[in-house]
Amino acid sequence: MQSKTKKLLAALIAAGIVPAAHAADIKLGVAEALSGGAAQYGVSIRNGFQLAADEINAAGGINGNKLVLVVEDEQGKKEEAINVFKKLIFKDNVLMVFGPTLSNSAQAADPIAQAAKTVAFGTSNTADGITSIGNYVFRNSVTEADVLPATISTVKAKTGLKNVAVLYGNDDVFTKSGYDNFKKALEDQKIPVTTTETFAKGDVDFKAQLTKIKGTNPDAIVLSALLAEGAPIMVQARQLGLNVPVIGGNGMNSVKIFDLAPGGASNNLWIGSPWSIENKAPENVKFIDAYKAKFNGSPDQFAAQSYDAMYIVAQALKNTKITGELPKDRAALRDALPSVTWTGATGAFKFRQANDRAGKPAGYDADQAPIVSVTKDGKYVI
Ligand code: VAL
C-alpha cells in the first residue's frame with residue numbers, strides 16, 4: 001500500500017469510519033503467569049500490555065494495522081511456559097511472544113522461540129544469562145547484575161551498614177542469580193557477610209533461618225526472593241524482632257508487598273529499579289493516570305515495563321514491512337528491534353547487545369540505570 005493510502009486508512013480507522021477488521025491484524029503473543037504465586041507480577045504485566053496496545057490501536061494502530069494480543073497463562077511454571085510458547089508460535093502463528101514472567105521459565109521456554117526464529121521479549125526477566133540464549137531474545141527489564149551493586153552501595157551510604165546476613169532461594173533461576181550478584185557486589189564493596197541461609201520454593205516457615213540470622217546480629221538482611229516467599233519472610237523477620245533494613249532484588253519490587261506484609265512489616269525494604277511512581281516525567285504521569293483509570297488501582301514497575309515494551313515493539317513495527325509471510329516478518333521485526341530507542345514510563349530506553357557463553361553476540365538487554373527506593377508506610381520512596 002502507498003504510504004498516503006496507509007495514512008488515510010489509519011485516520012479512517014482511528015475515526016471509527018472504517019472498522020479495524022478491514023486492516024490486517026498484527027498478532028502478538030503474551031505468555032505470562034496469570035495464576036499461581038507469580039501472578040503477583042504477571043497480572044500487572046498483562047495490564048501494562050493491554051493498556052499500551054489499546055492506546056496504540058486508538059491512535060490508528062501500526063500504519064493502519066491493529067495490534068491483537070493473544071494472551072496465555074503460563075502459571076509461573078517452566079513446563080507450562082514451554083507449552084504456551086509452542087502454542088503461540090506454532091498454532092496461533094503470532095509474530096512474536098512477550099514473556100514469560102519468571103526467568104526460571106524464560107530459561108526453559110526462550111530456546112523454543114530462538115529455534116523458531118521468533119522474538120521472545122521478556123519484560124520482567126532479570127536473571128543472568130537469559131539473553132545469552134540467542135539473537136531472538138530481548139528484554140527491557142534491567143538485570144540483577146546491573147541493579148544490585150547500586151542498591152547495596154546506596155543502602156551502605158544511607159544507613160552506614162557494616163555487615164549483612166544473606167537469605168536466598170536456591171532452587172529458582174532468578175533468586176539464585178540474585179544471590180550470585182549480591183555476593184559479588186558485597187565482595188566488591190568489602191561488606192562482610194555474617195551468615196548465608198537458603199530456602200526453597202513453596203516454603204512457608206522461615207523462622208529457623210531467621211533465628212540463625214538474628215543470632216549473628218547483622219546490620220541488614222540481603223534477600224533474593226520472589227514475593228510468594230519474600231513477603232512471609234518479612235512478616236516473620238519483624239515478628240522475631242529483626243527490624244533491620246531488608247535489601248531486595250527485583251522480586252521484592254512490587255506494591256503487593258504492602259498487602260502481603262501488612263502493619264508495617266514491609267517497612268525498611270530497599271530495592272532498585274529504573275521506574276518509580278514518584279517520577280513526575282510527563283510520560284510516566286500519563287502512564288500512571290491511564291493505568292489508574294483503566295484498572296482502578298496503582299501500577300507497579302512490572303506494569304510500567306510491559307507498557308514500555310509494547311511501545312518499543314510498536315516503534316520497531318512501524319519500521320518493518322509486514323508482508324504476510326510469517327518467517328520473513330518475524331525476522332524483519334527482530335532486525336528492527338535493536339536500534340529502537342524510546343522514552344516511556346521507565347524513562348529513556350535503549351538496548352545493549354548481550355553475548356552468549358562463548359562471548360559471541362546474542363540477544364539484547366536493557367541499557368538503563370536504576371533508582372533506589374525504600375518502603376515507608378505503604379509506599380516506595382526515593
Ligand atoms: N525478575 C524476576 C525474574 O526474573 C521476577 C520478579 C519476575 O524471575
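What's the local net charge at VAL222, with K and R +1, D and E -1, over the other residues with C-beta under 11 Å away? Intermediate values should be presented prior to the final figure.
Details: positive: LYS183; negative: GLU197, ASP219.
Net of charged neighbours comes to -1.
222 nm [θ] for the chain, helices only, -39500 (n - 2.57) per DSSP H run of 4+, per residue, to 500?
On the way: 12 runs with 155 residues, N = 382.
So the calculated ellipticity at 222 nm is -13000 deg cm²/dmol.
For LYS117, what residues show an amide H to amide H distance below 5 Å, using hydrogens built from the backbone and excluding near sequence neighbours?
For LYS117, no residues qualify.
Roughly how big is segment 314-382's charge dipole about its Cα centre, with Cβ charges of +1 (Lys, Arg) and -1 (Asp, Glu), in debye to the nearest 20? If you can, show how the numbers build up before the last one.
Values: 11 positive and 7 negative charges, 7 e Å.
Approximately 40 debye in magnitude.
Using the Cβ atoms and a cut-off under 11 Å, what net charge is assigned to the surroundings of LYS156, where Lys and Arg are +1 and Asp and Glu are -1?
Values: positive: LYS158, LYS162, LYS190; negative: ASP219.
Neighbour charge sum, excluding LYS156 itself: +2.
Using the basic label-point model (7 angstrom from Cα toward the beta carbon), what is the ALA157 to LYS184 distance in nanometres?
It works out to 2.1 nm between the two label points.
Between THR211 and ALA348, what FRET efficiency comes out of the Förster formula 1/(1 + (r/R0)^6) with R0 = 41 Å and r the beta carbon distance, rounded to 0.05?
Details: r = 45 Å, r/R0 = 1.10.
Efficiency, from the Cβ-Cβ distance: 0.35.
So what does SER105 come to for accessible area, using a 1.4 Å probe and Å² rounded to 10?
Rounded to the nearest 10, the figure is 0 Å².
Normalising by the residue count of segment 105-249, find the relative contact order in percent from Cα pairs under 8 Å and 6+ residues apart.
Working: 228 pairs, mean separation 31.1, N = 145.
Over segment 105-249, the number comes to 21 percent.
For segment 288-330, state which trypsin sites (Lys or Arg not before Pro) are in a DSSP loop and have at most 10 other beta carbons lying within 10 Å of their beta carbon.
Here the trypsin sites (Lys or Arg not before Pro) that fit, given the DSSP loop and packing criteria, are LYS321.
Under 8 Å for C-alpha pairs, at least 6 residues apart: give me the relative contact order for the chain, rounded to a whole percent.
18 percent.
With a/c under 1.5 counting as rounded, go ahead and sort segment 125-254 into rounded, prolate or oblate using the C-alpha gyration tensor (a ≥ b ≥ c being the square roots of the eigenvalues; past the cut-off, prolate if a/b is larger than b/c, else oblate). Don't skip to the end; give the middle numbers.
Numbers: a/c = 2.12, a/b = 1.39, b/c = 1.52.
Oblate.
Which value, in debye to the nearest 20, describes the size of the charge dipole of the chain about its Cα centre when Lys and Arg Cβ atoms bear +1, Asp and Glu Cβ atoms bear -1, and nothing else is charged?
The calculation lands at about 640 debye.
Taking the chain as the reference, fit the longest principal axis to its C-alpha atoms, fit the long axis of helix 326-336 to the helix C-alpha atoms, and give the angle between the two in degrees, 0 to 90, nearest 10.
The angle comes out near 60 degrees.
Taking θ as phi - 60°, what are the ³J(HN,Hα) couplings along segment 121-138 by the Karplus curve (6.51, -1.76, 1.60), each to the nearest whole Hz, with x for Gly and Pro?
Calculated HN-Hα couplings, in order: 10, x, 10, 9, 7, 10, 6, 4, x, 5, 7, 7, 4, x, 7, 9, 9, 10 Hz.
Along the charge dipole of the chain, pointing to its positive end and built from +1/-1 on Cβ of Lys, Arg, Asp and Glu, which listed residue (TYR168, PHE351, PHE98) has its Cα farthest out?
Positive-end residue among those listed: PHE351.
Which percent, to the nearest 5, of DSSP beta bridges fully inside the chain are antiparallel? Numbers along the way, then the final one.
On the way: 15 of 46 bridges.
If we restrict to bridges inside the chain, about 35 percent are antiparallel.
Quick query: amide H of ILE62 versus all other amide H atoms, modeled in the peptide plane; which residues come in under 5 Å with a sequence gap of 5 or more or a different chain?
For ILE62, the qualifying residues are LEU67.
Across segment 181-197, in residue order, what do the Karplus-derived ³J(HN,Hα) couplings come to in whole Hz, using 6.51 cos²θ - 1.76 cosθ + 1.60 with θ = phi - 60° and x for Gly and Pro?
Per-residue couplings from phi come out as 6, 4, 4, 5, 5, 5, 5, 4, 9, 6, 9, x, 9, 7, 6, 10, 10 Hz.
Give me the percent of the accessible area of the chain that comes from carbon and sulfur atoms, probe 1.4 Å, all protein chains in place. Walk me through the numbers on the way to the answer.
Working: 8030 of 15300 Å².
Summing carbon and sulfur atoms, their accessible area is 53 percent of the total for the chain.
With Cβ to Cβ distances under 13 Å as the rule, what net charge do the other residues near TYR380 carry (K, R +1; D, E -1)? Provide the component values of the computation, followed by the final result.
Values: positive: LYS256, LYS376, LYS379; negative: GLU278, ASP300, ASP377.
Charge balance near TYR380 sits at 0.
Given H placed 1.01 Å from N in the peptide plane, which residues other than close sequence neighbours of GLY344 have an amide H under 5 Å from its amide H?
Excluding prolines and chain starts, which carry no amide H, the hits are PHE349.
Explain nothing, just the number: relative contact order of segment 253-382, from Cα pairs under 8 Å at least 6 residues apart, as a whole percent.
Numbers: 174 pairs, mean separation 44.6, N = 130.
It rounds to 34 percent for segment 253-382.
Please get the size of the charge dipole for segment 266-330, origin at its Cα centre, with Cβ charges of +1 on Lys and Arg and -1 on Asp and Glu, quoted in debye to the nearest 20.
Approximately 220 debye in magnitude.
Accessible area per residue for the chain in Å², computed with a 1.4 Å probe and the full protein assembly in place, what is it?
40 Å²
Looking at segment 347-382, which trypsin sites (Lys or Arg not before Pro) are DSSP coil and have at most 10 other C-beta atoms within 10 Å of their C-beta? Before the final figure, lay out the partial values.
Numbers: sites: LYS350, ARG352, ARG357, LYS376, LYS379; in loops: ARG357, LYS376, LYS379.
Qualifying residues, ordered by number: ARG357.
Toward the positive end of the charge dipole of the chain, about the Cα centre and with charges on Cβ (Lys, Arg +1; Asp, Glu -1), which of MET252, ILE322, ALA150 goes farthest?
Towards the positive end, the residue furthest out is ILE322.
Using the Karplus curve 6.51 cos²θ - 1.76 cosθ + 1.60 with θ = phi - 60°, work out ³J(HN,Hα) for each residue of segment 90-96 in order, rounded to whole Hz, and write x for Gly and Pro.
3J(HN,Hα) across segment 90-96, in whole Hz: 9, 9, 7, 6, 5, 6, 7.
Say the cut-off is 26 Å between C-alpha atoms; which of LYS66/LYS328; LYS77/LYS184; LYS176/LYS280; LYS158/LYS183; LYS78/LYS318; LYS183/LYS212 go over it?
Working: LYS66/LYS328 19 Å; LYS77/LYS184 28 Å; LYS176/LYS280 34 Å; LYS158/LYS183 20 Å; LYS78/LYS318 32 Å; LYS183/LYS212 19 Å.
LYS77/LYS184; LYS176/LYS280; LYS78/LYS318, as the Cα separations exceed 26 Å there.
The values are calculated or read from the model by the stated rules, or taken from the named source; none is laboratory data. Keep in mind it's a predicted model, so treat the numbers as computed, not measured. Cβ atoms come from the backbone with ideal geometry, glycine included; neighbour counts cover every protein chain shown. When the accessible area is computed, the model is the full protein with side chains, heavy atoms only, and any ligands, DNA or RNA have been set aside. Shrake-Rupley method; radii C 1.70, N 1.55, O 1.52, S 1.80 Å.
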